[in-house]
Each structure stands twice: as C-alpha cells, then as structure tokens.
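First up is the structure itself, then whatever we jot down about it.
The values are calculated or read from the model by the stated rules, or taken from the named source; none is laboratory data. Here the structure is a predicted model, which means the values were calculated and not measured. Positions of Cβ are backbone-derived with ideal geometry, glycine not excepted, and every protein chain shown enters the neighbour counts. Quick note on the areas: whole protein, heavy atoms, side chains included, nothing else; ligands and nucleic acids left out. Shrake-Rupley method; radii C 1.70, N 1.55, O 1.52, S 1.80 Å.
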Amino acid sequence: MPIRSEKKTFYITTPIYYPSDNLHIGHAYCSTAADSMARFKKLTGYDTYFLTGTDEHGQKIEKKAQSRGMTPKAYVDEIVAGIKQLWKLMDIDYDDFIRTTDERHVEGVQKIFKRLYDQGDIYKAEYEGWYCTPCESFWTELQLKEGKCPDCGRPVEKTQEESYFFRLNKYAPWLIQYIEEHPEFIQPASRANEMINNFLKPGLQDLCVSRTSVKWGIPVTFDPKHTVYVWIDALSNYITALGYDTEHDELYRKYWPADVHLVGKEIVRFHTIIWPILLHALDLPLPRQVFGHGWLVIDGKKMGKSVGNVVDPVVLCERYSSDAVRYFLMREMPFGNDGEFTLKAMLTRINADLANDLGNLVSRTVAMIEKYDGGLLPAVGAVEDVDRALWKLAEETPARVEAEMNAFQFSNALQEIWKLVGECNRYIDVTQPWVLGRSEEGRPRLNTVLYTLAECVRRVAVMVSFVMPRTPERIFAQLGLEDAELKTWDSVCRPFGALSAGLKVCKGEALFPRLDIQKEIDRDAAPEEPKQVREAPKADRKKDAKADKKQEETCPAEIDIETFERCRIQVARVVACEKVEKSSKLLKFTLSLGRDGERTVVSGIQKYYDPAALVGRQVAVITNLKTARLAGIESQGMILSALDDAGNLRLVTVEEGVADGAVIG
Ligand code: MSP
C-alpha cells in the first residue's frame, strides 16, 4: 500500500496555444492528456501544478487580426475567452493560464533576452533566409523541401533583416551529450533519435531571435525596433508563469524543473533543442521530460485548420458529454502514435465501453441490490475462489494503472480498469445471482456476490476519475456512498472490502445512454445538405421550389451570432481551374488563401463558366466545411454563389483591395 509521508511535486504543462482560431479536437487531445495526468498525480498524492495558456504574439496573429480589422490585442482577447470556455466545458482544470501578453511574462522574457545578450550568447547580425509564418520557423535554402516549409509544406517567405542571433551552435555538442546521457529526456525514444540525426548531428546554426518586420511582439528593451522571436517568447512561459527571476518566485523554486512538457510531435524540435540550450545558457536545470504525442488525423492527414478537416470539441461534448469525449481521446490510441479520428469510432467506443460495459455493470449491481435486499448493501456471506479471484484483480489493478500512467500509456491504464469491469460482468454471468436469489440457501452466496460487485464498482469509479471527472460522483450517488475517504486513491490501494454493509443504494438514470450510431452520423452530416442546394442549383422553377423548401427545412428563421461564427468564409483567388474528367457539372479549382496556403475545391458550376476565365478571380469560400469527395476528388470547402434572375449561377466575390485569405464576416 503506497503511503506517502512527504508530498512530491509534479509540474506538467501543455504547449501554449495560438489563439489564431477556435481550437479543434486535436488541441483538446493534448489538454485532455495533460489534465488527466495532472488529476492522476493529484489523486495519487502529488503536489501538482498544471500550466496551460496562449501564445499570442507573432506575424500570424498580427495578420489575422489585420484581416478582421481588429487590433491584435482585441482579436486575441476574444479568442482566449473562447479557449477558456472550452477548457471549462472539458473540465481542463489548470492551476494557471498564462498569456504571453501578460505583463509578468513580457517582463520575464525581456530580462531573459537581456541577460543572454549581456553574457554574449545573443549578438547582432544580418539575417537572410526563409520564414514560414504558419509554423513561425526560420529555414535555410537547403532545408526547404521543393521550395516549401519542410514541416507543413506551405509556402515560405524570403526574409532579410537586421536581427539578433542566439548562439545555438556553441551549445550543440553539450546538447548531444546531454540527450545521449539522459534517455528519459525525450520520449518516445524514437523522437530523440530524430532530433540527434536530423537536426543536431548535421550541425546547428545560430538562431535568429528578433524581428524588425514584426511589430506584434515583445520589444527588445535595449533596441526596441526589434521584437523577440515568438519561440523564445513562447518557450519562456514555462518559467515566467512560475515567477522566475522576480521577487515572488516561490512557485519557481517549488516546481521547476518541470516533470514533463507535453507537446505535439511537430514541436518537439523547439522543446528539445532551443529550450534546453536556452535554459542551459541561463544556468537553469532542464525539464525532466518532453513527451511528443502523435496527432489526431482524418484520412491520414493531420487535423488542422489549414487542411480544413477540423472537428469541433464543443459540439462533441454537448452531444455526448465531456467525460465520454475525454474517455475516447485517452482510450482510443496509444499516446505517442497518430490516431485516426472518426465519429463512428467514437460512438462505437462510447456504446461498447461506457454504455455497455461500465453502464450496465453499475445499473445491474444497483438493480440487484434493490431487488434482493431492499436497496441495502448486504455484508459478505459465503466466500468461494471465484470471489477471491475477483478481489485479487481489484486489489492489483491500481498498481497496474499507476505503472501505465507513469509511462504515459493512458490507453493501457484504462484497459487495466476495463479488465476489471469486464471481469465483474463475467462474474455476474458465472455466479448467476438471479438463481441464487430464488432460495434461502443461495442467500450467503448472493450476499457475497452483491457486496463484491458494489465494492468493485466503487473502485472503478475512483480509478476512472482522472479521465472522467464527472462520472464517479454519479456512480457514488447510485451506491449511496458519501464517505469522502472511500473516494480516494489510497482507499483503492487497501485490501478489498472497504465499503460498509448497510449502504442504501439508489438507482439513477443510465450513466451513458446507448447511442444510435447511424442516427448520430446522419445528424453530423446534416449541416452539409445546404451545400447541394447552393452548389448545384437547378434553373428550372420546379426544382428551385424544391430547393427552396429544403433550404427552409435546413435553415432556421433565426440563428445566433455564435452559430454564424462557426462557419469560416474566406476570400480565395483562383490559381487554376479545369473541368473534372467525365463530369458535365463539376469544375476543379486550385484556390490560394494567401498565408493559409492552397487548397482544392470542386464545385458544380461548369455549366455557367469557362474555367480559363475564372483564373485570377477572387471568390468567397467556406473553408471549415468537412472535406467531401466529389468525382473521386477531395474537395476542401465550398465556393459561394447565387442564382441570378435568369437562373444562371453567379459567383460571390469581394471588392478590390481585399487580401487572399481574408476572413469574411
Ligand atoms: N504556440 C505553439 C506552441 C508553443 S509552446 C511553447 C503551437 N501552438 S498550436 O496551437 O499550433 O498547437 C498547440 C498544440 O496542439 C501542439 O502541441 C500541437 O501538436 C497540438 N495539435 C494541433 N493539432 C493537433 C492534432 N491534429 N492532433 C494532436 N495534437 C494537435 O504549436
């Protein structure tokens, strides 16, 4: 039994998110993992600190705000409020939310920059190279892949300006040695090899760490026409949030170095090269671990707004509950690997694991105690091997869960808990309480079976709480359990049998109602219907009337502004346009969204336009519409159009002077 006399600390962070748009379920994946781990550590006796926040400076945000006609600060304030609401909805229970526009952070970064400059680790020179704005990364000519960003494949910009540089090169040998001597520093281990072989061994170049062309950033105190490069700004959040180098550095002294930075695999590079070198140059200890998790992908492509395949976590949580969404995210794929996101997989998982396995176990247990014992939990009666085997499994499960969690294997940890759930359901089938309940002779065995089930249910409720924070109380209520001590992790590490006989159970509603998967999939597809109405309108009046009726059915008379804002409409320029082979209706467009890159959209307007005449024109496109396959081509959005009086389709466009990629709203 793990009794802890002194509280160990545990400091965990998520990356700080770009508030460049609404967050999607891929972002929520990282926060759910961090939150689940933080809850687990708290549960198992650690003094835990969980930090998240937003990364608000840089060219990307500056341009986005500009396109919306807002100041960057007003723009980020609005989005950050939405992010905080999302975390509330998903029960992401952080201890601190740092914004890089917070004064405490700005001052901290300025001090760090100045100190590195004063000690000679930062120097001034001329930068000439390439910059990828979406990734906020500098690249050399050689690093580009076919002239594009090697990370995201989007166009890069030639950049030449006076800049400050950070001496990464000087520290490269030290870092290689450090990584080799600390195999736990970068996890999974394959990512460490990638860093060493792809970035460190080929040689590090000094890093450009200031910009004169970007105004929306933290000014360099001793040369204010420069702003600090966003990644230096962003990475520092992990210590500025703790009050590093201020009068109030209690948190820093208590929690640094971090136990783990959880980050997506594409930003492992920044966290395991720039960040450790920066800390080492400042003579500060390094985080114990950087864990690079995989991505949520759709049809093999990273979910992201540039691809236009994002899934909204708000919709999922509202429909299926945040506990169910969190469970799916943590259970479905091994942490570290990419995982395909499909609604069907999520619904199937909810039905199988939550509605069937867990939900049925709880409802059967409570219903049987009500039926056979008038709702009062009986004491253990006659005991047999079958009971002892289940008690043993229940006693062993917490340690197995802990071992998996210590290795960040959320999915395996949940599988361990579900092994117990599965064994409980099998135990009911084997012991057949309904047969035992038929006669007085069966009583002693029946009592043991019902007690065993209730105690196992209690243990399961405690153990799932780090992933599903709302479900345990609903289970405890059904068990009639109020004693706070029996809801602790320590209580499930003790020998089987902590529940007191005599508890009054109370059957409640189903924990997770069974979902009609097809109905849910159809419901999810429903918003796409107007697309057919708008994309292939029929000139003939009869068909028009039908389309109008459909439009009425799918468009309510009134919607609120939030509903409208969930639809992203952008200005795009037609880069290429051609007829789709063997189709008399479809045109295939290559559209440029400026900084947001290019995408393919298929539209049913061949009858109304000569494709060549459309090249160079600006159109309005819904860019966050779910990808659709038309004539075998993946269409990433919908071009807006309207019918003229003669029944011809006319493209919606904007007046002159609007940049490609500008958001319409
Ligand atoms: N602002 C930087 C991080 C700075 S940390 C000092 C950034 N922000 S981000 O908003 O683009 O991404 C935040 C996190 O979300 C990253 O860890 C990223 O990997 C993660 N994800 C974004 N899309 C994702 C998926 N489709 N799947 C899983 N995680 C995803 O990078």
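Remarks
- Our compactness index for segment 370-445, the C-alpha radius of gyration over the empirical 2.2 N^0.38 Å, is 1.38.
- On the beta carbon distance between Ala74 and Ala389, with R0 = 51 Å, the FRET formula returns roughly 0.20.
- Reachable aspartates and glutamates from Lys88, criterion Cα separation under 12 angstrom, eight or more residues apart if same chain: Asp35
- Relative to the current alpha-carbon distance between Asp338 and Cys567, full extension at 0.36 nm per residue lengthens the span by 79.7 nm.
- Working note: Karplus 6.51/-1.76/1.60 with θ = phi - 60° gives segment 319-334 the couplings 7, 10, 5, 5, 4, 5, 5, 4, 4, 4, 4, 7, 8, 5, 10, x Hz, where Gly and Pro are set to x.
- 14 Å reach of a label modelled at Arg349, 7 Å along Cα-to-Cβ, counting backbone N of segment 261-295: 294-295
- Based on Cα contacts under 8 Å between residues 6+ apart, segment 231-349 shows a relative contact order of 21 percent.
- With all protein chains in place and ligands, DNA and RNA left out, the 1.4 Å accessible area ranks Ser500, Ser163 as Ser500, Ser163, largest first.
- Per residue, the chain exposes 44 Å² of solvent-accessible protein surface, assessed with a 1.4 angstrom probe and all protein chains in place.
- Of the cross-linked pairs Lys64/Lys215; Lys73/Lys215; Lys114/Lys225; Lys64/Lys225; Lys305/Lys588, those separated by over 18 Å at the C-alpha level are Lys64/Lys225; Lys305/Lys588.
- Karplus (6.51, -1.76, 1.60) ³J(HN,Hα), θ = phi - 60°, over segment 375-389, in Hz, Gly and Pro reported as x: x, 9, 4, x, 7, 4, x, 6, 10, 10, 4, 4, 6, 4, 5
- With R₀ fixed at 41 Å, the C-beta to C-beta distance from Ser500 to Ala407 puts the FRET efficiency at about 0.70.
- Cα-based equivalent ellipsoid, segment 49-95: semi-axes from gyration tensor eigenvalues, Å: 25, 12, 7
- Between 0 and 90°, nearest 10: helix 443-464 axis offset from the chain longest Cα axis: 20 degrees
- Put His261, His182 in order of accessible area, highest first, and with a 1.4 Å probe you get His182, His261.
- Pairs of Cα atoms nearer than 8 Å and 6+ residues apart set the relative contact order; for the chain it is 12 percent.
- One decimal place: the segment Arg253-Lys114 gains 47.9 nm when fully extended, by the rule 0.36 nm per residue minus the C-alpha distance.
- Relative to the Cα centre, the charge distribution of the chain, modelled as +1 at Lys and Arg Cβ and -1 at Asp and Glu Cβ, gives a dipole magnitude of about 1340 debye.
- Separation of the Asp93 and Ala612 label points, Cα + 7 Å toward Cβ, nm: 6.7 nm
- Only alpha carbons enter this Debye calculation for the chain, each as an equal point scatterer, and the log10 of I(q)/I(0) it gives at q = 0.07, 0.08 Å⁻¹ is -0.57, -0.72.
- Here is the P(r) of segment 60-148: all C-alpha pair distances, binned every 5 Å from 0, give 3, 10, 11, 13, 17, 18, 14, 10, 4, 0 in whole percents.
- In nm, spacing of pseudo-spin labels at Glu141 and Gln205 (7 Å Cα→C-beta vector): 1.0 nm
- Dmax and Rg, reported as Rg then Dmax, of segment 189-239 (C-alpha, Å): 14.7, 41
- For Gly264, the residues whose modelled amide H falls within less than 5 Å of its own, excluding neighbours fewer than 5 places apart on the same chain, are His293.
- Heavy-atom accessible area ranking, 1.4 Å probe, most first, across Val297, Val386: Val386, Val297
- Asp645-Ala379 pseudo-label distance in nm [points 7 Å out on the Cα-to-Cβ vector]: 9.2 nm
- To put it simply, the accessible area of the chain at a 1.4 Å probe is 51 percent carbon and sulfur.
- Straightening the chain between Val652 and Asp483 buys 54.5 nm, computed as 0.36 nm per residue apart minus the Cα-Cα spacing.
- Hydrodynamic radius by Kirkwood, which averages 1/r over all alpha carbon pairs of segment 111-152, in angstrom: 12.2 Å
- By the Stokes-Einstein formula, at 1.306 mPa s and 10 °C, segment 444-525 with its Kirkwood radius over alpha-carbon pairs has D equal to 110 µm²/s.
- Residues listed by number, segment 83-113, amide nitrogen under 14 Å from Val663 label point at 7 Å toward C-beta: 83
- Relative intensity of segment 299-425 on a log10 scale, I(q)/I(0) at q = 0.16, 0.18 Å⁻¹, equals -0.96, -1.11, per a Debye sum over C-alpha point scatterers of equal strength in the absence of solvent.
- Computed over all pairs of different Cα atoms, the Kirkwood value for the hydrodynamic radius of segment 1-98 is 14.8 Å.
- C-alpha long axis of helix 410-431 to longest principal axis of the chain, angle in °: 30 degrees
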